[in-house]
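Participant: Submitted below is the structure of interest, expressed as structure tokens.
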Amino acid sequence: MDNKKDNQKEYKNAIGKIQEVNIVDEVKDSYLDYAMSVIISRALPDVRDGFKPVHRRILYSMYKLGLHHNAKHLKCANVVGDVLGKYHPHGDTAVYDALVRMAQDFSLRYPLVDGQGNFGSIDGDSAAAYRYTECRLTKIAEEMLADIEKETIDFMSNYDGRYQEPTVLPTKIPQLLLNGSMGIAVGMATNIPPHNLTEIAQAIKYLVDNPQDATTEDLMKFIKGPDFPTGGFVYNKEELIKIYSQGRGPILTRGKAEIVEGKRGQFQILITEITYQTNKSQFLEKIVELIKDKKIEGIKDLRDESDKEGLRIVIELKSDASPQKILNKLYRYTDLQKVFHLNLLTLVDGIQPKILSLKAVLEEFIKFRKSVITRRTQYDLKKAQERAHILEGLVKALKNIDAVISTIKKSESREDAKINLKKKFKLTDIQAEAILEMKLQTLANLERKKILSELEEKKKLIKELEDILAKPKRILSIIKEEMDNLCKNYSLERKTKIIEEGVKEFKEEDLIPEEEAVIILTSSGYIKRVKPDVWHVQRRGGKGVIGLNTREEDIVKHFFNCNTHDNLIFVTNKGKAFQVKAYEIPESSRISRGQLLINFLNLPTNEEISAIIPVPKKNPPKFLLMATKNGIIKKVETEVFKNIRRTGIKAINLDDGDDLRWVAGISPGQDVFLVTKLGQSIRFKEKDVRPMGRSAAGVRGIRLKKNDEVVKMAVVLPEKDCKQEVLIVTEKGFGKKTNIKFYKIQKRGGFGIKTAKVTLKNGPVVACEILREEDEELLVISAKGQVIRIPISQISVSGRDTQGVRVMRLDSDDKVVSVTSL
């Protein structure tokens, strides 16, 4: 009854102590407590070791279980159970998922767990259950736990107070940048990409040497940007510097995709690297969806040929597809192009969430390493001093061994012996205890020398460690040495390529090398781009090799060399101009037919391409000069054709029965050179033709005789600039060179002078080139697609009125259609 009365009394007192609180304040305080718990204990990594608590606990648990890189693998169930039972008060799924990710080489640039079994795939496949998989630490993970037993970091009690766990790992490696981190807290998130260890180490060394002067821009001369385990490309170096200086911003990434020609001349898009954190299976499903929705057209087949050697996705294209356009759509609609939103949000001092710049992250790491090295040195010094103290006692005992033995023998007990030794030989408790523990074998001469030698070593070590603690610069040099050792042991080549330009200013040609190319167009409208070196150099007079496979009714019509970055202006026989970049024409094999020109140009059905001129990106000619079959010429400023609409623009007005045949670039001070089918030529000054508008008809360039027509227009440079020769090639494969000085300058509109003797043997003139000193080789192509590549030096120099030497041997039903110099 008395107990009941006491309880009632306590209850009444408790009721009196209840305080009223505002529910809004209570919810706010409780939510803030929850939010801070999530931020500190779950979602955000610590700037010092770069880990969230779950990862830190997994690695520490594996370390305590002895799962070193050279130990036997252990069931993941053991590790998960140990982490849950001792350190992590959450679910097993959270622990196992974190462990699995640390073992995936497509998630981490430097995996920290060496997994055995199914640990998932880049296709999004889940890992096998933890009862089936096994794990151990990787060698680099052990660097993050090195010296943990030397009091280098603080420990705290686990969730139930039974065990101790590290508050941070004493890592030698800046893990925060090395493998990056992702996390969503309450009202904030972190998203840090992985980086290259060698680059980070070099940046840390630079910052150690230049703590005040170094800027993020300076550090990014070493750390180029993210280095994703999946490779790919990152764009805009200038923007990257700004992002890393601010600690946040969007980074544009792309997978590695290239356009290649298949065995049958059809084109493929080959993808060998995808963007970071992209699920390959979902990526393929997205492409299939785009094909079904007809957002992407021209894809014939999609195959995943990935294997142990690496990722490989093959996209087969239809014969009439435009590979570059399809690739651009893949960039636009799929994760082949993706933005990584960098956010360097991390915990500073273990409690404060803060967005840091790249420099600040490295400064925090260097500060942490200073602390670790100092504490490690203090620990080693303490241990060395303790051992030296014992050794000094042993040495004193060995010098007086007979007296020591006599003292021990006369003592009644161990404790009495200890007291007597301390009193007689002025020893400490520790030294006296060590002497009593000393084995008889220590009395041997060799063992005595070992003790003396060890004491000497300990004294040197103590002096060294004291010097390190006394000189902060020595600690900094140790940090640099550690970085060098890390590079030596764990250096890997960069996987992700950094592109200097940004995407907004970035153009397709920036991905395409500037190189010489040959363009071939047939009368049926098949066009292709070929590298000149597919044709080997031969002696003149040979038959050459097949340049492309043509149908019986098809013949080669245009054949010229250019640069892949040149702007190609196509002009029709009716005087309309179109425009395409040279690199947009797919590169083909030597014998393939190429692709239909209508895939690139909206040509009217009643018109055909009669002239193509490559306009270089750098230093384009001031004017474009046009010539017609009937000898009419026209000069227009190149700027007029800078932006030609897709449907084309008018370039010249033509008389009935006339066709536009040639277009060439020309600048002030140069001469115009026209050649006719029957071997006439005329050379006159460029200034004799005034600039005209696009709608003008032009003026007379050369007066033609009956049944004659212009077959070529060329440009002559001022003779003081370089040595030049006129090359004439006839229909039946004969050619000759003549010095340009034999062609006097005339007024335009005349009949001109003889440039070649036209006979039944050599046939009419079909081509003319103005050769310069840098021109070394000649490519000649026939109507049936035969191509020969010969040194220009093998073609003899002769007078104007000659028929020349055999350049190419032709079948009776074949003929030369074009030449181009290299």
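The values are calculated or read from the model by the stated rules, or taken from the named source; none is laboratory data. Computed from a prediction, not measured in an experiment: that's the story for all the values here. Using ideal geometry, Cβ is built from the backbone for each residue, glycine included, and neighbour counts are taken over all protein chains shown. Just so you know, the surface numbers come from the protein's heavy atoms only, side chains and all, with ligands and any DNA or RNA stripped out. Shrake-Rupley method; radii C 1.70, N 1.55, O 1.52, S 1.80 Å.
Participant: Compute, for segment 687-766, the length of the dipole vector about the Cα centre, with Cβ point charges of +1 (Lys, Arg) and -1 (Asp, Glu) only. Units Debye, rounded to 20.
Facilitator: Dipole magnitude for segment 687-766 comes out near 240 debye.
Participant: Heavy atoms only, 1.4 Å probe, whole protein assembly: order Asp671, Asp301 by accessible area, highest first.
Facilitator: Greatest to least solvent exposure: Asp301, Asp671.
Participant: Just how much of Ile430 is accessible, in Å², when a 1.4 Å probe is used and the result is rounded to the nearest 10?
Facilitator: 100
Participant: Show Ser812, Ser667, Ser453, Ser588 ordered by accessible area, largest first, where the area counts protein heavy atoms only and the probe is 1.4 Å.
Facilitator: Heavy-atom accessible area, descending, gives Ser812, Ser453, Ser667, Ser588.
Participant: So how exposed is Asp335, as accessible area in Å² (1.4 Å probe, rounded to 10)?
Facilitator: 70
Participant: Can you count the Lys pairs in segment 207-304 with C-alpha separation below 22 Å, eight or more apart or on different chains?
Facilitator: 19
Participant: Out of Ala397, Gln431, Gln337, whose Cα points farthest toward the positive end of the dipole of segment 329-444 (charges: +1 Lys, Arg; -1 Asp, Glu; placed on Cβ)?
Facilitator: Positive-most Cα among the choices belongs to Gln337.
Participant: Of Thr628, Gln680, Asn485, which is farthest along the charge dipole of the chain in the positive direction, counting Lys and Arg as +1 and Asp and Glu as -1 at C-beta?
Facilitator: Gln680
Participant: For the Cα atoms of the chain, what angle does the longest principal axis make with the long axis of helix 472-490, in degrees from 0 to 90, nearest 10?
Facilitator: Taking Cα atoms only, the helix is inclined about 60 degrees.
Participant: Another question about this same structure. Would you mind calculating the gained length between Asp307 and Asp533 on full extension (0.36 nm times residue separation, minus the Cα-Cα distance), in nm to one decimal?
Facilitator: 78.0 nm
Participant: Also, I was wondering about something else. Checking the cross-link filter: which lysines have an alpha carbon closer than 27 Å to that of Lys72, excluding same-chain neighbours under 8 positions apart?
Facilitator: Excluding near neighbours in sequence, the set is Lys52, Lys64, Lys86, Lys139, Lys150, Lys172, Lys308, Lys488.
Participant: Over the chain, give the accessible area per residue in Å² for a 1.4 Å probe, as an integer.
Facilitator: 49
Participant: Here is a further query. Pairing the Cα long axis of helix 323-333 with the longest principal axis of the chain, what angle in degrees results, from 0 to 90 and rounded to the nearest 10?
Facilitator: With both axes taken from Cα atoms, the answer is about 40 degrees.
Participant: While we're on this one: Using the alpha-carbon atoms, what tilt in degrees (0 to 90, nearest 10) does helix 2-17 show relative to the longest principal axis of the chain?
Facilitator: Once rounded, one gets 40 degrees.
Participant: Please report, as a whole percent, how much of the solvent-accessible surface of the chain comes from carbon and sulfur atoms (probe radius 1.4 Å).
Facilitator: 48
Participant: While we're on this one: How much solvent-accessible surface does Ser610 expose, in Å² to the nearest 10, with a 1.4 Å probe and all protein chains in place?
Facilitator: 10
Participant: If R0 is 35 Å, what FRET efficiency do you get for Asn279 and Asn70 from their C-beta distance, rounded to 0.05?
Facilitator: Approximately 0.55, to the nearest 0.05.
Participant: Segment 321-370 to segment 465-480: how many Å between their Cα centroids?
Facilitator: 34
Participant: Taking a ≥ b ≥ c as the square roots of the eigenvalues of the Cα gyration tensor of segment 263-321, is the shape rounded (a/c under 1.5), prolate (a/b larger than b/c) or oblate?
Facilitator: The shape class here is oblate.
Participant: Each label point is 7 Å from the Cα along the Cα-to-Cβ direction; what then is the distance between the points at Glu447 and Met188, in nm?
Facilitator: Taking the simple label geometry, Glu447 and Met188 are separated by 6.1 nm.
Participant: Can you list the aspartates and glutamates whose alpha carbon is less than 18 Å from that of Lys422, not counting same-chain residues fewer than 8 positions off?
Facilitator: Glu386, Glu392, Asp402, Glu412, Glu433, Glu437
Participant: Once you have a ≥ b ≥ c as the square roots of the Cα gyration tensor eigenvalues for segment 636-721, tell me rounded if a/c is under 1.5, and otherwise prolate or oblate according to whether a/b is larger than b/c.
Facilitator: Oblate is the answer for segment 636-721, as a/c is 1.5 or above yet b/c matches or exceeds a/b.
Participant: Suppose each label sits 7 Å from its Cα in the direction of the beta carbon; what would the Glu20-Glu454 distance come out to in nanometres?
Facilitator: Label at Glu20, label at Glu454, 7.6 nm between them.
Participant: For segment 241-345, which GluC sites (Glu not before Pro) pass both filters: DSSP loop (anything but H, G, I, E, B) and at most 15 other C-beta atoms within 10 Å?
Facilitator: Those that pass, being in a loop and sparsely packed, are Glu297, Glu305, Glu309.
Participant: Per DSSP H run of at least 4 residues, take -39500 (n - 2.57); add these up for the chain, divide by its residues and hand me the 222 nm value, nearest 500 deg cm²/dmol.
Facilitator: After summing the helix terms and dividing by residue count, I get -9500 deg cm²/dmol.
Participant: If I take R0 = 35 Å and measure r between the Cβ atoms of Ile401 and Arg474 in this structure, what FRET efficiency does the formula 1/(1 + (r/R0)^6) give, to the nearest 0.05?
Facilitator: Efficiency for this residue pair is about 0.30.
Participant: Further question on the same structure: When Lys and Arg each count +1 and Asp and Glu each count -1, what net charge do the other residues less than 9 Å away from Lys300, Cβ to Cβ, add up to?
Facilitator: Surrounding charge for Lys300 is -1.
Participant: Tell me, in nm to one decimal, what length is gained between Asn602 and Asp655 on full extension, where the rule is 0.36 nm per residue of separation less the Cα-Cα distance?
Facilitator: Working it through step by step, the gained length comes to 16.7 nm.
Participant: As I understand it, the dipole of the chain uses +1 on the Cβ of Lys and Arg and -1 on the Cβ of Asp and Glu, about the Cα centre. Which of Tyr63, Ile612, Val711 lies farthest toward its positive end?
Facilitator: Of the options given, the answer is Val711.
Participant: How big is the dipole moment of segment 122-258 about its Cα centre under a simple scheme where the beta carbon of each Lys and Arg is +1, that of each Asp and Glu is -1, and everything else is neutral? Debye, nearest 20, please.
Facilitator: With only Lys, Arg, Asp and Glu charged at Cβ, the dipole is about 300 debye.
Participant: When only DSSP loop residues count, what chymotrypsin sites (Phe, Trp or Tyr not before Pro) in segment 130-199 have their Cβ near at most 15 other Cβ atoms within 10 Å?
Facilitator: Passing sites in segment 130-199 are Tyr132, Tyr159, Tyr163.
Participant: What do you get for GluC sites (Glu not before Pro) in segment 709-771 restricted to DSSP loop and a cutoff of at most 13 other Cβ within 10 Å of the site's Cβ?
Facilitator: Glu719
Participant: Which net charge results when you count Lys and Arg as +1 and Asp and Glu as -1 among the other residues whose beta-carbon is under 13 Å from that of Lys382?
Facilitator: That works out to +2.
Participant: Here is a follow-up. Extension gain Asp123-Glu464, at 0.36 nm per residue separation less the Cα-Cα distance, in nm?
Facilitator: 117.4 nm
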